[in-house]
1. Report every pair of residues separated by at least 6 positions or lying on different chains whose Cβ atoms are under 7 Å apart, first residue within region 96-122 and touching a residue at least 24 places away in the same chain (Cβ under 8 Å), second of a type outside the set (Gly, Ala, Ser) and more than 16 Å from the ligand (Cβ to nearest atom).
2. Please specify each residue of region 193-232 satisfying the condition of being over 20 Å from residue 129 (Cα atoms), of a type in the set (Asp, Glu) and surrounded by 17 or more Cβ atoms within 10 Å (Cβ to Cβ).
3. With the requirement that a residue be under 13 Å from residue 219 (Cα atoms) and surrounded by fewer than 13 Cβ atoms within 10 Å (Cβ to Cβ), what does region 107-150 give you?
4. Checking residue 112 against (1) over 30 Å from residue 211 (Cα atoms); (2) within 13 Å of the ligand (Cβ to nearest atom): exactly one of these is not met. Which one?
5. What is the number of the single condition among (1) in contact with a His (Cβ under 8 Å, 6 or more places away or on another chain); (2) modelled with pLDDT of 85 or more that residue 205 does not meet?
6. Sort through 48, 67, 57 and tell me the only one that's within 16 Å of the ligand (Cβ to nearest atom), out of contact with any Lys or Arg (no Cβ under 8 Å at 6 or more places or on another chain) and of a type outside the set (Ser, Thr, Tyr).
7. Mind checking whether some residue in region 37-58 is outside any strand (DSSP E or B), aromatic (Phe, Trp, Tyr) and either at pLDDT below 95 or surrounded by 21 or more Cβ atoms within 10 Å (Cβ to Cβ) (or both)?
8. Can you name the number of the only condition in (1) in contact with a helix residue (DSSP H, G or I) (Cβ under 8 Å, 6 or more places away or on another chain); (2) modelled with pLDDT of 95 or more; (3) surrounded by 12 or more Cβ atoms within 10 Å (Cβ to Cβ) that residue 78 fails?
Amino acid sequence: MTKLGPGEPGSDKSDLRQYVRVSLDLPWNGKIAEVDEQVGRICAGWAQVVALCICAQSMTDGHFSIQMVRRLAGIDEVETKAMVAADLWHEPGHDCDRCPQPRKGMAYVHDYLLHQRSAESIQALSSKRAEVGRKGAESRWGTPAQRAARKATEKAPAKKTGAKAGAQDNPANKPPARPRGTRIPDDFAPTAEMIEWARRNTPHVGVLETQKFVNYWKAKAGKDATKIDWVLTWKNWMITAEQRAGRPAGEAPRSPGAAKAGRALDVAARLDAQDAEQRRAS
Ligand SMILES: [Zn+2]
């Protein structure tokens, strides 16, 4: 593999944003010009870019919510219809034999998978980066087994003192009722359910945010890096990212999903506080 020089795409490893492909001819593309001319203002190129970003963000392989694109691109119904009439987008019932039918209320970007990354390849890329990150961490901190062995040696003397520690040593005892925090699992990855949750609640957060989350918790040392519920911790992280990526301060949540995300944040924050409380108590 050749090394990337500064300024080359992909050379900045700290930049975890994703990108979409835009054809060079977008500003003078025939279909785009047709729409702009028809509606009397320049808006089709931007609407197309917004649709591409939303598809990539939510990993829908080209399906998008017309309402969401309209709102984010600032186009009206006539302009939306013009995009469909120019065959840039398809509505349910379209007759383009190259593209799938969108679900009701959704639309499809014509030829999306011909030019953009599929959800599958985004996930493959993400796990490839995770693997690189894991190997990097191992070369610094040792393999999980080595780390566990080190941790056990460090813990051993403390266990010999105190009634509480003695009780834990006795295998006949029932496991403690209080849940114990663990470090992030080495194979932590979003399940289909979590991906669906993220689509609904954190639509502006990219898939690589999970990689940031994993990297952060793998790199973190000490007791603070243990959690009782890693899925909840992940959701909390995603919601924070959504808020950071999202709306200007003071703006009301834009959708029931956003309101739900707000409530989820409250729950997650409470659980986090509980988590900290339990750690202090143990
Ligand atoms: Zn098509």
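1. Short answer, once both residue conditions are applied: 115/21; 116/20; 116/21; 119/59; 122/59; 122/207.
2. Answer for region 193-232, where residues must be over 20 Å from residue 129 (Cα atoms), of a type in the set (Asp, Glu) and surrounded by 17 or more Cβ atoms within 10 Å (Cβ to Cβ): just 229.
3. Applying the first criterion (under 13 Å from residue 219 (Cα atoms)) to region 107-150 yields 130, 133-144, 147.
Across region 107-150, the qualifying residues are 135, 139, 140.
4. (1)
5. (1)
6. Numbers: 67 fails: within 16 Å of the ligand (Cβ to nearest atom); 57 fails: within 16 Å of the ligand (Cβ to nearest atom).
Being within 16 Å of the ligand (Cβ to nearest atom), out of contact with any Lys or Arg (no Cβ under 8 Å at 6 or more places or on another chain) and of a type outside the set (Ser, Thr, Tyr) holds for just one of 48, 67, 57, which is 48.
7. Taking region 37-58 first, the residues outside any strand (DSSP E or B) are 37-58.
Add one more test, that the residue is aromatic (Phe, Trp, Tyr), and what stays is 46.
In the following step, the residues that additionally are either at pLDDT below 95 or surrounded by 21 or more Cβ atoms within 10 Å (Cβ to Cβ) (or both) were identified as none.
No, region 37-58 contains no residue that is outside any strand (DSSP E or B), aromatic (Phe, Trp, Tyr) and either at pLDDT below 95 or surrounded by 21 or more Cβ atoms within 10 Å (Cβ to Cβ) (or both).
8. (3)
The values are calculated or read from the model by the stated rules, or taken from the named source; none is laboratory data. What you are looking at is a predicted structure, and each value in this text was computed from that prediction instead of being measured. Please note: Cβ atoms are built from the backbone with ideal geometry, for glycine as well, and neighbour counts cover all protein chains shown.
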